[in-house]
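Throughout, read-outs are computed from the coordinates displayed, never taken from laboratory work. Remember, it's a predicted structure, so these values are computed and weren't measured experimentally. With ideal geometry, Cβ positions are generated from the backbone for all residues, glycine too; neighbour counts draw on all protein chains shown.
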Amino acid sequence: MPMIRMNPVPKTRLQRRSAWFVLLAWFAVLPLGPGCASWRAPSSFPEKEPLPDPAVLYRELLERATDIGSAKGVGHLKIHAAGRNLSLEALIACKRPARLRVEALDFWDQAVFLATIREDEFCIYFVGENRFLREPADPAVLQENVGIPLDGGDLVALVLGCPFFVPLESPELGVRREGGNLILTARELEREVRYEVRMDARRRPLQVLLSRESGKGDAALLLRVDFGKYQSVEGFDFPFRIRVTNLESREDFLLQYQQLQLNQVLEEALFQFVPPAAAERIKWQ
């Protein structure tokens, strides 16, 4: 696999082979100790243990998530959106706020597409066609292309493992025990947002349900996020498997990290897209 590079298009086979070896060297320093190599099944929350204070639990989850500011690694992407199915290896880099770069490659080490998010801008470059799309990173555009109706900043927070990827300001909180798991609910009626976060005994999010809730008590499920295969990376328990299901359209996004580094310095230029010469700009819809 080639490294994440400033020019997304390898122009010659020699360049592609050189990039392959550079990528191997790039990931040679990734932590591969016992903490990363094994996955432990989620444990149950003890029935006799008192329930934690929901405000403390919410603050703990939020602080743990925001301590992770960036990630870069290799993963596998499966996307079912707009009637299309995509399954590819990808090089992934992201950081707060609202920075994402995904470079997808095929079996023969050729770039298939490059996608970037930078602040409010979403770009995707189709290598074989030498065409690119440049649009606002809003929920409508991202749903059409990746199946997730979030804006760019919220999508980056989700890819970084944050259970409250759509931020809340002053939520009403509650906690209960169900099926051996803790369930934390967080709702903000003014924004019509409601979270239900299911956790194991180690207070790691396993599933997040995001709903739109009206003041009348009606709720419509929007997204289900499943976090799994937690591994220890640089002192953090991080979900190596993140699956997002759009419960309205049944579109699906699955990211499975294979190698990962957290809180590395990622240069701003990495998330800037400059179209290659003679590339054709296309319009969304």
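Residue separation of GLN259 and ASP120 scaled by 0.36 nm, minus their Cα-Cα distance, works out to 47.2 nm of gained length.
Between ALA269 and TRP108, the simple label model (points 7 Å from Cα in the Cβ direction) yields a spacing of 3.1 nm. Applying 1/(1 + (r/R0)^6) with R0 = 35 Å to the Cβ-Cβ distance of ARG177 and ARG250 gives a FRET efficiency near 0.70. By the rule of a C-alpha distance below 15 Å, with chain neighbours fewer than 8 residues away ignored, the aspartates and glutamates paired with LYS229 are ASP200, ASP237.
Take the Cβ-Cβ distance between ASN130 and ASN85 as r, set R0 to 25 Å, and report the resulting FRET efficiency rounded to the nearest 0.05.
Numbers: r = 23 Å, r/R0 = 0.93.
Once the sixth-power term is evaluated, E becomes 0.60.
Each part gets one Cα centre, and for the range 136-172 versus the range 59-75 those centres are 15 Å apart. Relative contact order of the range 52-260, taken over Cα pairs closer than 8 Å and 6 or more residues apart, is 18 percent.
State whether the range 159-285 is rounded, prolate or oblate according to the following rule on the C-alpha gyration tensor (a ≥ b ≥ c being the square roots of its eigenvalues): a/c under 1.5 gives rounded; otherwise a/b larger than b/c gives prolate, and the remaining case gives oblate.
On the way: a/c = 2.15, a/b = 1.35, b/c = 1.59.
Oblate shape, in that a/c is at least 1.5 and b/c is the bigger or equal ratio.
Maximal additional length on extending the ALA278-ARG224 stretch stands at 15.4 nm, based on 0.36 nm per residue less the C-alpha distance.
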